[in-house]
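The values are calculated or read from the model by the stated rules, or taken from the named source; none is laboratory data. What you see is a predicted model; the values in this text were computed from it and never measured. Cβ: placed from backbone, ideal geometry, glycine included. Neighbour counts: every protein chain shown. These area figures cover heavy atoms from the full protein model, side chains too; ligands, DNA and RNA do not enter into them. Shrake-Rupley method; radii C 1.70, N 1.55, O 1.52, S 1.80 Å.
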Amino acid sequence: HPAYPPVDLTSCEREPIHVPGAIQPHGVLLAIEEPSLHLVMASANIGELLGVPAEIALTLTLPDLLGASMATRVVDQVDAVRGEVLTLPMPHVDADPHGEGTLRGRWVELALHRSGKRVIVEIEERHEEGGTLGYATARSAMGHLIGTRTVRSLADHLAAEIRSATGFDRVMVYRFDPEWNGEVIAEAKRGDLNPFLGLHYPASDIPAQARRLYTINWIRLIADVAYRPVPVVPMLDPDSGDPLDLSFSTLRSVSPMHLEYLANMGVTASMSVSLIVEGRLWGLVSCHHYSGPHRPSHEVRATAEFLAQVASRMLGERERAEQRDAVLRDRDHLARLTTALAAADDRFLETFADHPAALAMVGAGGLVVGHDHTSVSVGEVPPADVVARILDLLRREDGAASSHDHLATLDPDLAAHAGTAAGALVVGTAPGPWLAWFRPELPRIVEWGGDPANAKLYAGEGEDVRVSPRRSFDRWREVVRGRSRPWTASHHEIARAAHLHTVGRLRLLSHEQITVVE
Ligand code: BLA
């Protein structure tokens, strides 16, 4: 597009994707002036559906172009349109072939929304592919979603329902972390495809302006990744001098960088639907097709959007329930550990470290329990001098636990120990008792693909490929290198409680010893 510099890897976030000045060619776009109903801007392919070239169409009105009855339907609905898209139900295919739902003998679907001062009418030729979805389908899909208890099973069902509704080859539920990196947490796919489940991607794969757009507009379709964009003419609105804001356009032409990414992945059509929890983009339902163009009807797309909206509500609830369950489980671990400690005697430190709950209750990979110049460890822990250094860095005098999920930012020398101690949770100071739990860095936990088919697929990638899932995974590894999973407030509480029990029990034990000596 002449108005903007070309995008590359360093300018992704600056690409103004809401004003591309073009649409995808599977429909036509009209920008109408009110109240005259004059056409002021149109996609250059308008002749394909309306039989009138753009230059001439731009001198006409909506009734001239669509016929009186269809134009009246549009006008009647315009007041119902606020910002979001409204699909206009058209008479069904078995109705009169020259009736209301047709344009020059072709069955069409209309979508309406407002952009600035303009009413945007988008028209697609209708086809029966993917079938129609009635109330019964939506209700049974909802029933399946409601029946789930966990985020994972909700995501699994959502992927399966959206796949069966839309007919895409692969449907994934993609979840963002607090830094906007993402993970595929559920997948429904054609049996012969290699799995993407469990794969991670860096925040840069879906840049900030795209995430903002996806928070106000729930759905987008790329019907044919190999499409040639159709310009909107004239390029600027003759009144305002601005390009047309296509944020809510169902035909919006998408970022060339993203098209390149999809093509490198072998994707031939793509759709994604937002998952929004408490106003924040929680994730996306990402749909891929690998066998050519794929264009579900407006009705099918609306069903997918509806299911994602229903699921979004449930995700918030399931997530809170899961957090509560996790806290209860950790507390239960703590209770079993303290029971064991109450019975411990001279081998107190060993009893602590050997108990299965000692690592589980805070989700750590290693633990060192120290007291009076001795210590006992379990799991994977760094060497003693490194443990001492970490205790020193994180020490607190008020008895509370303290933690870090990227120790190398406190001391660069610790980067060498990220394989066992990228993060630590400590409580107490020498001479003790003190407790120090450790977690390894994330990339060590998450292996690429895990599936030989993925490794083979990406090994075949050329050197000139700039954007692809494999490159993304490498970038994600860079982002999370040296970092552990973060520690929660509940883990801090558990660490503190475990420490208090330890202090109390050791004091009691030393009194018992003194009594014996006396
Ligand atoms: C958009 N990137 C997207 C979208 C997805 C992804 C789902 C939404 C558009 C769509 O529905 O296709 C990324 N898709 C993924 C990921 C998976 C997937 C991670 O299926 C995992 C399974 N993308 C890059 C890089 C840049 C980039 C390096 O990888 C920039 C240099 C840009 N991605 C980019 C842009 C958009 C995008 C600009 C917005 C596209 C648009 O809506 O115009």
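For the reader, a short list of remarks on this structure follows.
- Some residue of segment 392-400 being within 21 Å of Leu334 (Cβ to Cβ), open to solvent by 20 Å² or more (accessible area, probe 1.4 Å) and hydrophobic (A, V, I, L, M, F, W, C): yes
- Among the residues making up segment 24-44, those that are open to solvent by less than 10 Å² (accessible area, probe 1.4 Å) and assigned to a loop (DSSP other than H, G, I, E, B) are Gln24, Gly27.
- Taking segment 171-183 as the range and being more than 9 Å from the ligand (Cβ to nearest atom) and of a type in the set (A, V, I, L, M) as the test, the residues that pass are Val171, Val173.
- Residues in segment 221-248 that are hydroxyl-bearing (Ser, Thr, Tyr) and more than 11 Å from the ligand (Cβ to nearest atom): Tyr227, Ser240.
- Scan of segment 255-276 for residues that are at pLDDT 95 or above and open to solvent by less than 20 Å² (accessible area, probe 1.4 Å), ordered by number: Ala269, Ser270, Met271, Ser272, Val273, Ser274, Leu275
- Failed item in (1) more than 10 Å from the ligand (Cβ to nearest atom); (2) in contact with a Pro (Cβ under 9 Å, 6 or more places away or on another chain); (3) of a type outside the set (S, T, N, Q), with Val254 passing the rest: (1)
- Residues in segment 190-217 that are open to solvent by 50 Å² or more (accessible area, probe 1.4 Å) and away from the ligand (no atom under 11 Å from the Cβ): Arg190, Gly191, Asp192, Ile216.
- Odd one out for Arg389, checked against (1) within 30 Å of Phe473 (Cα to Cα); (2) buried (at least 17 other Cβ atoms within 10 Å of the Cβ): (1)
- Residue in segment 123-136 that is modelled with pLDDT of 85 or more and open to solvent by 30 Å² or more (accessible area, probe 1.4 Å) present: yes
- Residue within segment 455-472 that is over 24 Å from the mean Cα position of the chain (by Cα), of a type in the set (Ser, Thr, Tyr), open to solvent by less than 90 Å² (accessible area, probe 1.4 Å) and at pLDDT 65 or above present: no
- Listed by position, the helices (runs of 4 or more DSSP H) contained in segment 253-354 that have at least 1 residues being among the β-branched types (Val, Ile, Thr) and farther than 30 Å from Met142 by Cβ are 298-342, 348-354.
- Filtering segment 296-322 to residues that are closer than 30 Å to Pro25 by Cα and touching a strand residue (DSSP E or B) at 6+ places or on another chain (Cβ under 7 Å) leaves Ser297, His298, Arg301, Ala302, Ala304, Glu305, Ala308.
- Qualifying residue in segment 231-238 (condition: closer than 22 Å to Met172 by Cβ and free of Cβ contacts under 8 Å to residues at least 40 places away in the same chain): no
- The residues of segment 241-252 that are open to solvent by 20 Å² or more (accessible area, probe 1.4 Å) and outside any loop (DSSP other than H, G, I, E, B) amount to a single one, Pro243.
- Within segment 160-240, strands (runs of 3 or more DSSP E) holding 1 or more residues that are under 16 Å from the mean Cα position of the chain (by Cα): 170-176, 182-189, 219-222
- For segment 277-295, a residue qualifies if it is crowded, with 16+ Cβ neighbours inside 10 Å and either more than 21 Å from His26 (Cβ to Cβ) or among the small types (Gly, Ala, Ser) (or both), and the qualifying residues are Val277, Leu281, Trp282, Gly283, Leu284, Ser286.
- Which numbered condition Ala186 fails, given (1) in contact with a His (Cβ under 6 Å, 6 or more places away or on another chain); (2) within 16 Å of the ligand (Cβ to nearest atom); (3) farther than 20 Å from Ser297 by Cα: (1)
- Pair list, Cβ < 7 Å and 6+ apart or interchain, from segment 185-213 residues that are of a type in the set (D, E, K, R) to residues that are within 7 Å of the ligand (Cβ to nearest atom) and part of a loop (DSSP other than H, G, I, E, B): Glu187/Phe196
- Every residue from segment 403-419 that is within 30 Å of the chain's Cα centre (by Cα) and open to solvent by less than 30 Å² (accessible area, probe 1.4 Å): Leu407, Ala408, Ala418, Gly419
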